[in-house]
Amino acid sequence: MDLQRVSRKSFSSEIEGERMRFRDVEAKDVPLHENADHIRSLYSQQIMSAASATAYGLIGLLMGFVNKAVLLQWPYPNSFLALQMVASIVIVYAFKAWGLTTVQPLHVKAAKALLPVVFFYNTNVGFALAAVRALSIPVYHVLKRLTPVMVLVGKSFMGGAIPSKQITLSVLTVVSGCIMAGFGDLSFDLSGYSAALISCALQTSYLLLVERTGTEKGFNSMELLLYNGILSLPVLLIIILGTGEVWDSFESMRIQSRESLAFLPLLLVSLLMGSLLNYCLFLCTLCNSALTTTIVGTLRSVLGTVLGFFVFGGVKGTIFIFLGVLFNTLGGVWYTLIKFKEKHKEKQSKEQYRILEASSSFKGG
């Protein structure tokens, strides 16, 4: 409700600004077609913002279910991740060939700087894929919501600000939901829970590392996608060749493609969606903000949790798992709303300070 009120207020302000500009145009005899072009541009930006957020939410939602479907038939997460890296490299070079993006050559210095980030990112994805295969969709979402909690704890240990009472309560709600869901999960899988928790810890390390070192600054989204693939693929190939997984996965792929005509198209869609999700993440952040992207991610997670109760055999558990999922989801939404209000308040304070600065400069002049 607050989000809608803020959006309406923001949109009303933009319309009022356009009215003021229109009056200025009349006063200065500026051609009306220039003003009309500006208004059309404003509405185009509104449409682009909504479209990019919707695309990011829908693709992220569908990708979780498509990955689950593929891994249930083809349980080889390392081979799956290696194919995703190949798909990413091919897509970026195709975009470059079509003139849709520019990519700078990867230098040794940049490669060394990116290696720790690539390590944490890919190990996180690897464990996340293993967790998706082993756990039901709702339980997976419940455990992955622990990532912001771990980030908050990590920042506190690194000398960050003490979280507010509301943030602390929302985090406790998320954690209590995880504990209840674990107690109520009749299909409890220790390896799946462990993989999800390790994935959360690795994602936390990745986020804190990027924030602290600013490693990703200076690279665009497509460059990061490409460099991640180039640096990760050799390691993944060594793993799947060294363990012999490559032969098992190839044989399994051959059998599955023979038994199910839908398997190979589903695998291809999953590989393409991995790269497309990264692009939509960048586009949503570019057209809106990082906070909007986070809110869309939270809403997507809530919808995915609800749908997860009705697909892939549903969820086997007692009343505690349903209460746990409910508490965890409410805690995640609460946390996101608190962060949204904090960012909005911070933005307003900066705007007021800027106005005061401008007013003081005007009086001084």
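The values are calculated or read from the model by the stated rules, or taken from the named source; none is laboratory data. Just so it is clear, the model here is predicted, and its values are computed rather than measured. Glycine gets a Cβ as well: all are built from the backbone with ideal geometry, and neighbour counts include every protein chain shown. Just the protein is used for accessible areas: all its heavy atoms, side chains included, with ligands, DNA and RNA removed. Shrake-Rupley method; radii C 1.70, N 1.55, O 1.52, S 1.80 Å.
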Legend entry - Segments 142-154, 260-272 sorted - mean Cβ within 10 Å per residue, highest first: 142-154, 260-272
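Calculate how large, on average over all directions, the projected area of the Cα convex hull of the stretch 43-128 is; give the answer in nm² to one decimal.
Numbers: hull surface 31.6 nm².
Result: a mean projected hull area of 7.9 nm².
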Inset, instruction - Sort out for me the Cα centre separation of the stretch 241-275 from the stretch 124-159, rounded to whole Å. - result: 26 Å
Inset, instruction - For residue 90 and residue 261, compute 0.36 nm times the residue count separating them, minus their Cα-Cα distance, and round to one decimal in nm. - result: 59.1 nm
Legend entry - P(r) weight above 33 Å for the stretch 77-346, C-alpha pairs, percent: 26 percent
Legend entry - Net +/- balance of residues flanking residue 339 in space, Cβ distance below 12 Å, scoring K and R +1, D and E -1: +1
Legend entry - With every protein chain in place, the stretch 77-346: carbon and sulfur % of accessible area (1.4 Å): 72 percent
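Greater than 27 Å separation of Cα atoms is the criterion. Which listed pairs, 68/112; 165/345; 155/350; 109/144; 165/350, meet it? Please report the intermediate quantities before stating the final value.
Values: 68/112 33 Å; 165/345 17 Å; 155/350 24 Å; 109/144 33 Å; 165/350 24 Å.
Too far apart for the 27 Å limit: 68/112; 109/144.
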Inset, instruction - Taking amide H positions as placed in the peptide plane 1.01 Å from N, state which residues far from residue 188 in sequence (5 or more) or on other chains have amide H under 5 Å from it. - result: none
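Contour minus end-to-end for residue 307 and residue 350, with contour as 0.36 nm per residue of separation and end-to-end as the Cα-Cα distance? Please list the in-between numbers first.
Values: separation 43, 0.36 × 43 = 15.48 nm, distance 4.04 nm.
This chain segment gains 11.4 nm when fully extended.
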Inset, instruction - List the relative contact order of the stretch 77-346 as a percent without decimals, with contacts defined as Cα pairs under 8 Å and 6+ residues apart. - result: 39 percent
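Take peptides 190-197, 246-253 and line them up by average Cβ neighbours within 10 Å, highest first, as a rough protection proxy.
Working: 190-197: 17.6, 246-253: 15.0.
Averaged packing, sorted descending, gives the order 190-197, 246-253.
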Legend entry - Extension gain, residue 187 back to residue 109 (0.36 nm per residue minus Cα-Cα distance, nm): 23.4 nm
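Can you figure out the FRET efficiency of residue 330 with residue 50, using R₀ = 25 Å and their beta-carbon distance, to the nearest 0.05?
Details: r = 26 Å, r/R0 = 1.04.
It comes to 0.45.
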